[in-house]
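Values quoted throughout were computed directly from the atomic coordinates according to the rules given, and no laboratory measurement underlies them. The structure displayed is predicted, hence computed values, not measured ones. Positions of Cβ are backbone-derived with ideal geometry, glycine not excepted, and every protein chain shown enters the neighbour counts.
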């Protein structure tokens, strides 16, 4: 503890809630959001003068009950992890190289009307105008290979 600096219990619970909210913001896993709500509930107990043991019990009870009963409903409603997204549907599609892709480097390819950063799967030189197939996507970069029948230099 820092000399002359004391934190109140409600402030501690708010900090705990904020930390769990930040973690949820980064993970989007619908797990820590319930602990955020538990932290707010414990803060209310602290504000009305409840003992620390009751605050901790409320935090755990609210968090676990919400996690157990509402997470499956939220996942079902939001369809988290159940459907392919648009990115997954691009794999296997044909793109057009718009800027040369050099070995161990990147260029650009046009797919569905959008320009993407692209890299060659096997570090080939792919030239502007060649058709390539999207093999995978890493972040915002297409990993492509030359379409069979195309020639490369």
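Annotation: extensible slack from residue 22 through residue 44 equals 5.9 nm (criterion: 0.36 nm per residue apart, minus Cα-Cα distance). Using a cutoff of 8 angstrom between alpha carbon atoms and counting only pairs six or more residues apart, the relative contact order for the chain works out to 14 percent. The angle between the Cα long axis of helix 33-47 and the main principal axis of the chain comes to about 20°, on a 0 to 90 degree scale.
Each label point was placed 7 Å from the Cα along the Cα-to-Cβ direction; for residue 76 and residue 121 their separation is 3.9 nm. Decide, for the range 9-78, between rounded, prolate and oblate: order the square roots of the alpha carbon gyration tensor eigenvalues as a ≥ b ≥ c, take rounded if a/c falls under 1.5, and otherwise choose prolate if a/b is larger than b/c, else oblate. Because a/c hits 1.5 or more and a/b fails to exceed b/c, the range 9-78 counts as oblate. If a/c stays under 1.5 just call it rounded; otherwise compare a/b with b/c (prolate if a/b is bigger, oblate if not). Do that for the range 91-153, with a ≥ b ≥ c from the square roots of the Cα gyration tensor eigenvalues. Verdict is rounded for the range 91-153.
From the alpha carbon centroid of the range 25-66 to that of the range 129-147 is 46 Å. Compared with the dominant principal axis of the Cα atoms in the chain, helix 9-27 is inclined by about 20°. Can you match Rg/Rh (Cα atoms, Kirkwood Rh) to one of these, (i) 1.31; (ii) 0.93; (iii) 0.96, based on a calculation from the structure here? Computed from the coordinates, Rg/Rh (Cα atoms, Kirkwood Rh) corresponds to (i).
The simple spin-label model puts a point 7 Å past each Cα toward its Cβ; for residue 143 and residue 86 those points are separated by 2.3 nm. Measure nothing but the geometry: give the 0 to 90° angle between the long axis through the Cα atoms of 52-78 and the longest principal axis through the Cα atoms of the chain, rounded to 10°. Here the helix axis deviates by roughly 30 degrees.
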